[in-house]
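Undergrad: After the structure tokens below, expect a handful of questions from me.
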Amino acid sequence: MLLMLSENIWLADGPVTHVAGFRYPTRMAVVRLARGDLFVWSPVALSEPLGAAVDALGDVRHLIAPNASHHLFLADWQRAYPAARLYAPPGLRQRRKDLMFDADLGDAPDAAWADDLDQVQVDNLIAAEIVFYHRESRTVLFTDLVQHFRPGWFSGWRALVARLDLMEAPEPQVPRKFRLALADRRAARGSLGRILSWPADKVVMAHADPVRQDGRAFIARSFGWLLN
């Protein structure tokens, strides 16, 4: 259920979810912080095997929804790990009033993980996204801003929409809808500049296979339309 990406960071794929008729694979990451606490990014559906694998790594202390769209399984994780703190990205408190959030995510890392992770808030009209960087493994964590689906994943009219939206490009790209949603291009370039300042080797995305080398160059290609 958990695959090690690098030292102190693991990935787990969850079940496919359906949004507006589109099928989306799900992926989460678990980071073990220097103090031993676990930082769970974009939790997927919680099963007994997954919970046991996570428990073997340490104590879950931080449950992270990186944007307001990735919230489907938070309640189950909060029930399973009542000692963990639940963090809300912009807009999620209003959407999930049934959840008890402990803190809000923003443009700077929380003191609990500031020694291990950096973060940048990328504002857009769809859902502001918190992009994280794990220093030890030199890994950037994107949620929805960069996506990729293999040809044939979608069918019918949805396949046409996916192609037009660049969801089936040769390599992961920023979908057209998110390009349009980055209405304040100056602010977006500032956020991207901070992301590109990270010496990234690897890139993890919720909806694409991980990039395992030359991560910073990959990010620059994905956002080349914004840089130019």
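Undergrad: Need pairs with beta-carbon distance below 7 Å; first residue farther than 15 Å from residue 142 by Cα and within the range 210-228, second part of a helix (DSSP H, G or I) and open to solvent by 90 Å² or more (accessible area, probe 1.4 Å); sequence gap 6+ or separate chains.
TA: Qualifying pairs under 7 Å: 226/189.
Undergrad: Now, a different point. Please count how many residues of the range 99-148 are aromatic (Phe, Trp, Tyr) and under 25 Å from residue 217 (Cβ atoms). Show your work before the answer.
TA: Kept after step one, since they are aromatic (Phe, Trp, Tyr), are these residues of the range 99-148: 101, 113, 132-133, 142.
Pick out the ones that are also under 25 Å from residue 217 (Cβ atoms) and you get 132-133, 142.
So the answer is 3.
Undergrad: Please find, within the range 35-61, the residue that is surrounded by the most Cβ atoms within 10 Å (Cβ to Cβ) out of those that are in a helix (DSSP H, G or I) and among the acidic types (Asp, Glu).
TA: First, pick out the residues of the range 35-61 that are in a helix (DSSP H, G or I): 48-55.
Those still in the list that are among the acidic types (Asp, Glu) too: 48, 55.
Working: 48: 8, 55: 13.
Once the filter is applied, the top-ranked residue is 55.
Undergrad: Might you check whether a residue that is assigned to a loop (DSSP other than H, G, I, E, B), at pLDDT 95 or above and within 20 Å of residue 14 (Cβ to Cβ) occurs anywhere in the range 91-106? Can you show your working first?
TA: Looking only at the range 91-106, we keep the residues that are assigned to a loop (DSSP other than H, G, I, E, B), and these are 91, 96-102, 105-106.
Adding the requirement that they be at pLDDT 95 or above leaves 91, 96-102, 105-106.
Filter once more, keeping what is within 20 Å of residue 14 (Cβ to Cβ): 96, 99.
Scanning the range 91-106 turns up at least one residue that is assigned to a loop (DSSP other than H, G, I, E, B), at pLDDT 95 or above and within 20 Å of residue 14 (Cβ to Cβ).
Undergrad: Then there is this: Does residue 85 satisfy the criteria of being modelled with pLDDT of 95 or more and of a type in the set (Lys, Arg)? Explain how you work it out, then say what you get.
TA: Details: modelled with pLDDT of 95 or more: yes; of a type in the set (Lys, Arg): yes.
Spelling it out, residue 85 is indeed modelled with pLDDT of 95 or more and of a type in the set (Lys, Arg).
Undergrad: State which residue pairs qualify: first residue within 13 Å of residue 138 (Cβ to Cβ) and at pLDDT 95 or above and inside the range 187-200, second residue open to solvent by less than 20 Å² (accessible area, probe 1.4 Å) and of a type outside the set (A, V, I, L, M, F, W, C) in any location, beta carbons under 6 Å apart, and separation of 6 or more residues or different chains.
TA: 198/133; 200/215
Undergrad: Follow-up. Filter the range 92-106 down to the residues that are open to solvent by 40 Å² or more (accessible area, probe 1.4 Å) and out of contact with any Asp or Glu (no Cβ under 9 Å at 6 or more places or on another chain), then identify the one that is farthest from residue 194 (Cα to Cα).
TA: 98
Undergrad: If we keep just the residues of the range 212-224 that are open to solvent by 30 Å² or more (accessible area, probe 1.4 Å) and of a type in the set (A, V, I, L, M, F, W, C), which is farthest from residue 70 (Cα to Cα)? Quick ask: steps written out before the conclusion?
TA: Pass one, the range 212-224, residues open to solvent by 30 Å² or more (accessible area, probe 1.4 Å): 212-214, 216-217, 220-221.
Retained after the next criterion (residues that are of a type in the set (A, V, I, L, M, F, W, C)): 217, 220.
Details: 217: 27, 220: 25 Å.
The qualifying residue farthest from residue 70 (Cα to Cα) is 217.
Undergrad: I'd like the full set of residues that are part of a loop (DSSP other than H, G, I, E, B) and under 19 Å from residue 5 (Cβ atoms), limited to the range 62-78. First the steps, then the outcome.
TA: Within the range 62-78, the first condition is being part of a loop (DSSP other than H, G, I, E, B), and the residues that meet it are 65-73.
Correct list: 66, 70.
Undergrad: Of (1) more than 17 Å from residue 132 (Cα to Cα); (2) in contact (Cβ under 8 Å) with a residue 40 or more places away in the chain; (3) open to solvent by less than 20 Å² (accessible area, probe 1.4 Å); (4) within 19 Å of the chain's Cα centre (by Cα), residue 173 satisfies all except one. Which?
TA: Tallying (1) more than 17 Å from residue 132 (Cα to Cα); (2) in contact (Cβ under 8 Å) with a residue 40 or more places away in the chain; (3) open to solvent by less than 20 Å² (accessible area, probe 1.4 Å); (4) within 19 Å of the chain's Cα centre (by Cα), residue 173 fails exactly one: (3).
The values are calculated or read from the model by the stated rules, or taken from the named source; none is laboratory data. Because the structure is a prediction, the values reported are computed rather than measured. Neighbour counts are summed over all protein chains in view; Cβ atoms, including those assigned to glycine, are modelled from backbone coordinates with ideal geometry. Heavy atoms of the whole protein, side chains included, go into the accessibility calculation; ligands, DNA and RNA do not. Shrake-Rupley method; radii C 1.70, N 1.55, O 1.52, S 1.80 Å.
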